[in-house]
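Quick one: structure below, then a few questions.
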Amino acid sequence: MTARTLFEKIWADHVIVVSPQGEELLYVDFNLINEGQSFLAFDQLRMEGRSSRRPQQHLAVTDHYLPTINRDRGTAGMANPEIRRVVEMLDENATEFKLPHIGWGHLDQGIAHVIAPELGIAQPGMLITCNDSHTATNGACGVLAIPIGGGNQLRHVVATQTVWLKKPKTMRFTVDGVRPEAVTAKDVILSIIREIGVGGATGYAIEYAGAAIRAMSMESRLTICNMSIEGGARIGMVGPDDTTYQFLNGRRKAPQGADWDRALTYWKTLPTDADAAFDRELSFDAARFAPMVTWGTSPEDCSPVDGVVPDPSSIGDGDRRRHVERALDYMKLKPATPLQQVAIDRVFIGSCTNSRIEDLRVAAAVVKGRRVARNVKLALVVPGSGLVKEQAEREGLDRIFRDAGFEWREPGCSMCLGMNPDRLSAGERCASTSNRNFEGRQGPGGRTHLVSPAMAAAAAIEGHFVDIRRWT
């Protein structure tokens, strides 16, 4: 039998038929739904008189538009009537189409891509879809997780439990070596994106491999896969191993008893065969990575924290030079400015990239016994789910953050994006653990710098970026 990759095995297991145009119809094991534009899909289904093919294989999650304070007021507490209506429609649509729904009053409420792994929904070998670009997060569990559109594609999945897709090429990023102690998964993925560019993996399904990836916890692998889309790929995966199995064992939606044994036997057949070929391969040495800070308006616009803002005049490529010029103008940064001299106004620790218990523990260890700098107007910590929040509070992390001057909020997407009340004002500069930094991402005119949780926490204390490797 021909040697196959993890991606090829799962894809082949889900193909139903291939169209003359080359698209393939795949069975969807599970589908996640957020507010987004999902109401468009449900409107179409309603007009066509269609119902959900397999309602229990879906989960609607309210996460993007929710406020992270005053939850007791319900939707009536949402000042923007349009946003309030979008939130209400997801609840109404989930009820009408008999889909399970985690709304803002649910104990499990949080971000869809945090909830799915922690509940054990995301299991090796599954094909999972969601109307959100960061669906690839679930690929860390050995899942083929694919973002879909909130209109026709979501409509098709709800009605048929299938989706039409064009098969991408395969790419493997092998990260070997040992990460320096202060270098996190966030720094690893930012370093990779800096090297390949935001379009470097377009058209590919990425598998992350190598000793440095294998040494990572599941939380770190989730961070890596989460930002695959920022490198141009729609799919990012890590082959299942003992770390995966230990993470899933005992979770609420994971197989139990004899079903677990059968599942484990199957899961162990999924990792990429030794002789399998990829369409493209790249290798990285983890020992060369450093704590990173973005200075521009794209995740590839980043440098080690001990570096400086680049000088556009030194860039030979015209398109790249013009991009950097515009980015620096928007970010109001001058060439050659040391990144550690860049002062910040706000700090956000959260998002589907960095809001898990491991992220909060690291950040709390940095701020313990210290206080947020006076020039920082607001420092937010937003857990990724109700379960993360509950565990953090059991461990006393919320008290550490509050004592340091942070605000401890309810779970949700929060300041990752400007779709809810947690947003930047024009001109404000934010150290953020989220995944995107384009113009206006955190609010019109807001300036976003992507960093790891430890780097964000240290910046909150000092009021500017610091090299976490040398900071005490």
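Given the rule -39500 (n - 2.57) for each run of at least 4 DSSP H residues, summed and divided by the residues of the chain, what is its mean residue ellipticity at 222 nm, to the nearest 500 deg cm²/dmol?
After summing the helix terms and dividing by the residues of the chain, the value is -9000 deg cm²/dmol.
What ranking, highest mean first, results for peptides 281-294, 411-424, 74-87 when packing means the other Cβ atoms within 10 Å averaged over each residue?
Highest to lowest by the protection proxy: 411-424, 281-294, 74-87.
Defining a contact as two alpha carbons under 8 Å apart and six or more residues distant in sequence, what relative contact order in percent does the range 233-329 show?
16 percent
What number does the range 339-401 give for Rg over Rh if you use C-alpha atoms and the Kirkwood radius? Write down the numbers at each step before the final one.
Numbers: Rg = 12.3 Å, Rh = 12.4 Å.
So for the range 339-401, dividing Rg by the Kirkwood Rh gives 0.99.
Remind me, relative contact order of the range 73-211 in percent, using alpha carbon pairs under 8 angstrom and six or more residues apart?
14 percent
Could you rank Val376, Val362 by how accessible they are, 1.4 Å probe, largest area first?
From most accessible down to least: Val362, Val376.
Here is a further query. For the range 112-191, state which trypsin sites (Lys or Arg not before Pro) are in a DSSP loop and have at most 15 other beta carbons lying within 10 Å of their beta carbon.
Sites meeting the loop and neighbour criteria: Lys166.
According to the Cα gyration tensor, what semi-axes, each the square root of 5 times an eigenvalue, does the equivalent ellipsoid of the range 124-237 have, listed from largest to smallest in whole Å?
Sorted largest first and rounded, they come to 27, 14, 11 Å.
Could I ask something else about it? Compute the convex hull volume of the Cα atoms of the range 263-416, divide it by the residue count, and report the result per residue in Å³ as a whole number.
Enclosed volume per residue, from the Cα hull, is 198 Å³.
Still on this structure, I have one more. Could you give log10 I(q)/I(0) at q = 0.16, 0.25 Å⁻¹ for the range 67-127, computed by the Debye formula over C-alpha point scatterers of equal weight, without solvent?
Computed log10 I(q)/I(0) values: -0.64, -1.15.
Moving to a separate point now. Quick check: the distance between the Cα centres of the range 279-313 and the range 1-75, to the nearest angstrom?
33 Å
With every protein chain present, what accessible area does Phe406 have (1.4 Å probe, heavy atoms only), rounded to the nearest 10 Å²?
Taking all protein chains as shown, Phe406 has close to 10 Å².
Then there is this: Would you mind working out the magnitude of the charge dipole of the range 243-364 relative to its Cα centre, with +1 at each Lys and Arg C-beta and -1 at each Asp and Glu C-beta, to the nearest 20 Debye? Present the calculation step by step, with values, prior to reporting the outcome.
Values: 16 positive and 18 negative charges, 116 e Å.
Using Cβ point charges on Lys, Arg, Asp and Glu, the range 243-364 gives about 560 debye.
When only the heavy atoms of the protein chains count and the probe is 1.4 Å, how do Trp11, Trp408 rank by accessible area, highest first?
Final ranking, largest accessible area leading: Trp408, Trp11.
Ranked from the most accessible area to the least, with a 1.4 Å probe and all protein chains present, what is the order of Glu24, Glu439? Intermediate results must be reported in sequence, preceding the final value.
Values: Glu24 30, Glu439 70 Å².
Descending accessible area places them as Glu439, Glu24.
Express the relative contact order of the range 32-105 as a whole percentage, based on alpha carbon pairs under 8 Å and six or more residues apart in sequence. The partial results should precede the final answer.
Values: 82 pairs, mean separation 32.6, N = 74.
It comes to 44 percent, rounded to a whole number.
Turning to a different aspect of this structure: As an exercise, take the mean of 1/r over every pair of distinct alpha carbons in the range 398-472, invert it, and state the Kirkwood radius in angstroms.
Across the range 398-472, the inverse of the average 1/r is 13.1 Å.
Quick check: Cα centre of the range 97-171 to Cα centre of the range 192-221, how many Å?
The two parts, judged by their Cα centres, are 20 Å apart.
About its Cα centre, how strong a charge dipole does the range 147-232 have in debye, to the nearest 20, once Lys and Arg get +1 and Asp and Glu get -1 at the Cβ?
380 debye
Taking just the alpha-carbon atoms of the range 221-342, what radius of gyration and Dmax come out, in angstrom?
Using the Cα atoms of the range 221-342, the pair Rg, Dmax is 21.2, 64 Å.
Using just the C-alpha positions of the range 55-191 as equal point scatterers, what log10 of I(q)/I(0) does the Debye formula give at each q in 0.18 1/Å?
Each listed q corresponds, in turn, to -1.14.
The values are calculated or read from the model by the stated rules, or taken from the named source; none is laboratory data. Being a predicted model, the structure only gives us computed values, none of them experimental. Ideal geometry is used to build each Cβ from the backbone, glycine not excepted, and the neighbour counts take in all protein chains shown. These area figures cover heavy atoms from the full protein model, side chains too; ligands, DNA and RNA do not enter into them. Shrake-Rupley method; radii C 1.70, N 1.55, O 1.52, S 1.80 Å.
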